[in-house]
1. Between Ser464 and Ile86, what FRET efficiency comes out of the Förster formula 1/(1 + (r/R0)^6) with R0 = 45 Å and r the beta carbon distance, rounded to 0.05?
2. Which percent of Cα-Cα pairs in the range 175-276 sits in each 10 Å bin, short to long?
3. Taking Cα pairs under 8 Å and at least six residues apart, what relative contact order does the chain come out at, in percent?
4. Could you compute the net charge surrounding Arg108? Neighbours are other residues with a C-beta less than 14 Å from the C-beta of Arg108; K and R count +1, D and E count -1.
5. Please report, in whole Å³, the volume per residue of the convex hull around the C-alpha atoms of the chain.
6. How are the C-alpha pair distances of the range 93-158 spread across 10 Å bins, as whole percents from the shortest bin up?
7. For the charge dipole of the chain, defined by +1 on Lys and Arg C-beta atoms and -1 on Asp and Glu C-beta atoms about the Cα centroid, which residue among Gln4, Ala135, Phe57 has the Cα displaced farthest towards the positive pole?
8. Provide the FRET efficiency to the nearest 0.05 for the Asp149-Ser352 pair, computing r from the beta carbons and using R0 = 51 Å.
Amino acid sequence: MGHQLVDRMAEYLEGVEDQALFPDVSPKHLEKLFSEPLPEHSVPAEEILEELEEKLFPFCCHVNHPGYFGFITSTPTPVGILGDFICSALNQNLGLYTIGPGAVTLERRAVRWLSDLVGYNEQAGGHLTSGGTMANLEGIKLARDRVSDNKVQHEGIRNQWAVYVSEERHVSIDKAVDIIGVGRDALRKIPTNNKFQINIEALEEAIAADRNQGIKPMCVIGLAGTTNTGAIDPLKTLKKIAEREEVWFHVDAAYGGGMLLSNKWPGLLEGIELADSITIDPHKWFFAPLDAGAILVKDRTQLTRSFGMEPAYLIDEMDHEKARFDYYVHSLEQSRRFRGLKVWMSFKRYGSKEIGRWIDSNVEQTLHLYSLCKEHPNFEPATYPPMSAICIRYQSTDLGEEHSKRLHREVARRVEENGNYWITTTHLKGKSWFRINPVNFRTRIEHMEGLLSELQHECERVASSLKNQ
């Protein structure tokens with residue numbers, strides 16, 4: 001069955017561009033397909049594979065398709081896919097060195113490579129996570145613990161704190177301030193400028209207002225590649241503010257961290273090395289399969305201060321020299337999947353230069369779409385795209401904003417049904433937009449041109465119907 005699966009997946013990847021990107025199927029039909037009681041008896045493996053061919057494979061969203069430009073889920077590298085296969089077979093639990101010594105060592109090297117990329121020195125540390133949500137949670141917990149002199153984790157929150165971030169933040173930031181106990185009301189969502197970067201003047205005003213009310217700043221968060229537009233906050237300026245206020249400086253580069261590998265735009269994330277902690281997701285723009293996020297910390301000892309609990313049943317009595325690294329002492333997770341293998345294998349197989357070339361191609365494709373829209377009579381880009389994320393909108397003098405919202409939603413649905421491309425919609429500054437974001441080494445320039453042509457066709461059809469209502 002394993003040989004059959006490998007051959008089947010190879011065929012799938014080779015022919016993925018010929019398939020409809022999104023399945024034409026209703027949720028009700030899928031529920032019916034999988035509606036069965038818990039199996040009591042075994043069935044042959046061949047029958048299971050046949051069932052997958054019937055019920056699963058035809059009904060996937062094909063993120064490997066070169067026309068996939070939706071949420072930031074990258075096309076995984078073939079060697080990364082094989083890395084996950086090996087990971088599952090070995091089933092190493094990286095929480096404890098004793099049940100994964102080689103795996104722990106390999107993953108620490110992968111984390112070291114990521115730390116080198118962001119510009120951290122040998123004092124840095126970190127680990128892989130399930131994704132940016134967990135990494136941001138840990139980064140903001142580190143902020144809470146460090147600013148409270150590591151007392152809050154024992155005493156609980158006794159003061160009012162505030163966390164500052166751009167309104168273009170990822171929702172994981174909202175979840176994190178909730179989970180660590182400061183509350184979502186303590187999150188200061190700072191407005192952005194016309195480039196969708198955090199407004200520094202508004203940030204200063206928010207900090208001053210909190211200080212006057214006896215609310216203590218806890219953390220300043222910089223965004224290095226926002227989800228909507230790839231905007232990069234002024235990281236050096238934010239670091240100065242954080243230092244002055246004596247607070248933690250966290251940078252969310254979950255998506256934008258891929259630009260650290262760019263050959264054509266080096267230095268775009270200048271200042272990221274100043275952060276106290278950084279979120280970066282290899283499963284986004286490093287083309288690793290899900291799941292593989294990372295939290296990197298400039299001073300790794302804070303990880304141990306925040307998470308360093310060693311119950312008797314986990315103490316390694318054989319480690320007389322204290323040389324064995326236990327991830328559970330330095331992170332939130334106890335049981336840990338061997339996420340580092342696919343990251344390590346991808347770097348070894350392709351090298352940073354080749355992965356950087358794929359990233360640069362995605363940026364060039366987005367810039368091409370930006371140029372086409374700048375010259376187009378009906379399409380407007382939100383801003384110049386510094387990365388591969390771009391928002392564009394259809395304009396017509398006969399459509400108000402409410403009709404525009406309906407148009408963008410309906411056109412995105414039609415594009416999905418057509419099966420050639422997959423995009424999303426969003427809202428920026430009170431307007432509706434198409435959001436297009438290639439993180440895909442199979443995408444080519446002609447896919448951007450084809451998408452714009454399809455968008456124009458569908459927008460004209462929908463606009464015409466709205467005008468007649």
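1. Numbers: r = 54 Å, r/R0 = 1.20.
With R0 = 45 Å, the Cβ-Cβ based efficiency is 0.25.
2. 14, 45, 33, 7, 1
3. 22 percent
4. +2
5. Values: hull volume 85.4 nm³, N = 469.
Cα-based convex hull of the chain, divided per residue, equals 182 Å³.
6. Cα pair-distance distribution for the range 93-158, in percent: 18, 36, 36, 11, 0.
7. Ala135
8. Numbers: r = 39 Å, r/R0 = 0.76.
In this case the efficiency is close to 0.85.
The values are calculated or read from the model by the stated rules, or taken from the named source; none is laboratory data. All figures in this text were calculated on a predicted structure; none of them were measured in a lab. Note that we place each Cβ from the backbone using ideal geometry, even for glycine, and neighbour counts take in every protein chain shown. Accessible surface areas use protein heavy atoms only, side chains included; no ligands, DNA or RNA. Shrake-Rupley method; radii C 1.70, N 1.55, O 1.52, S 1.80 Å.
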